[in-house]
Amino acid sequence: MPSVPTIETPRLTLRGWRDADVESWVRMNAHPRVTEFLGQSLTREAAVSRAAVIRAELEHNGYGWWVAEIKDGRRFAGAIVLRDVPFEARFTPASEIGWRLAFEHWGQGYATEAAAAALDFAFTRLGWREVVAFTAAMNLRSQRVMERLGMTRDPADDFEHPAFAPGHRLRHHLLYRAMSKRAPLR
Ligand SMILES: CC(C)(COP(=O)(O)OP(=O)(O)OC[C@H]1O[C@@H](n2cnc3c(N)ncnc32)[C@H](O)[C@@H]1OP(=O)(O)O)[C@@H](O)C(=O)NCCC(=O)NCCS
């Protein structure tokens, strides 16, 4: 079983889970602004059991949902994920990056800073050739993170997310891509 790698940025540490993080994760996922474009807020019970699953996945795979901790004060900022896209679509199989910050930490550049380092980890340490990110068309903040990261969007890649029923306000999704700048292995 690989140990959980730590990813450092100037202001953040992306690290494995500690028991105390679960309470912060629960609070983050109960906030209506955080879950506005995710489909549902998580009940305490659902958030606790989700945390156990993603903690075990990170510890088993060496990538997954990292806790993003602010170095100054060692506060929980949110979580950053690298994973295989867990549903079928035109663009799958594919590897995905995603982000979720506690509401009180929005607007400080933490998501972009953490995601840039995670993307670099995906390309240099995991050897991934391409990473996608996607979000509901209404989620402009998340799209701005993708753009700040230099990810690119082709409108022809837009898709209907299978987790949302036809006609649901969040079903229409935009896809962004980032390519590794490394030469392909021969
Ligand atoms: C999506 C999400 C992570 C974006 O968070 P965010 O704080 O807006 O994004 P960043 O961390 O990149 O911060 C950028 C903002 O910080 C500002 N900022 C302040 N200080 C900064 C600094 N030192 N460096 C960089 N940016 C800074 C930027 O100007 C920018 O503000 P703006 O968007 O008003 O122009 C957050 O809204 C979130 O968690 N949403 C809920 C979950 C979600 O929807 N996830 C995506 C699902 S696909």
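Here, each number is a calculation from the coordinates, and none is a lab measurement. Owing to the predicted nature of the structure, the values given are computational and were not obtained by experimental measurement. Because the Cβ atoms are built from the backbone with ideal geometry, glycine has one as well, and the counts that use them run over all protein chains shown.
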Computed about the Cα centre, the charge dipole of the range 7-179 from +1 Lys/Arg and -1 Asp/Glu charges at the Cβ has a magnitude in debye, to the nearest 20, of 320 debye
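Once you order the gyration tensor axes a ≥ b ≥ c over the Cα atoms, which shape class does the range 1-89 get: rounded for a/c under 1.5, otherwise prolate or oblate by comparing a/b with b/c?
Numbers: a/c = 1.55, a/b = 1.13, b/c = 1.37.
Oblate is the answer for the range 1-89, as a/c is 1.5 or above yet b/c matches or exceeds a/b.
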Comparing A114, A137, A68 in a Gaussian network model of the chain (Cα, 10 Å), the one with the largest mean-square fluctuation is A137
For the chain, rounded, prolate or oblate, judged on the Cα gyration tensor with a ≥ b ≥ c (square roots of eigenvalues), a/c < 1.5 rounded, else prolate if a/b > b/c? rounded
So what is the relative contact order for the range 7-179, in percent, with contacts set as C-alpha pairs under 8 Å and at least six apart? 19 percent
How many nm is it between the label spots at A20 and F87, if each spot is 7 Å from the Cα in line with the beta carbon? 3.6 nm
Rounded to the nearest Å, the spacing of the alpha-carbon centers of the range 116-186 and the range 44-104 is 15 Å
Between A47, A165, A116, where does the largest GNM mean-square fluctuation fall for the chain, given springs only between Cα atoms within less than 10 Å? A165
In terms of the alpha carbon gyration tensor, root eigenvalues a ≥ b ≥ c, rounded if a/c is under 1.5 and otherwise prolate when a/b exceeds b/c or oblate, the range 94-178 is oblate
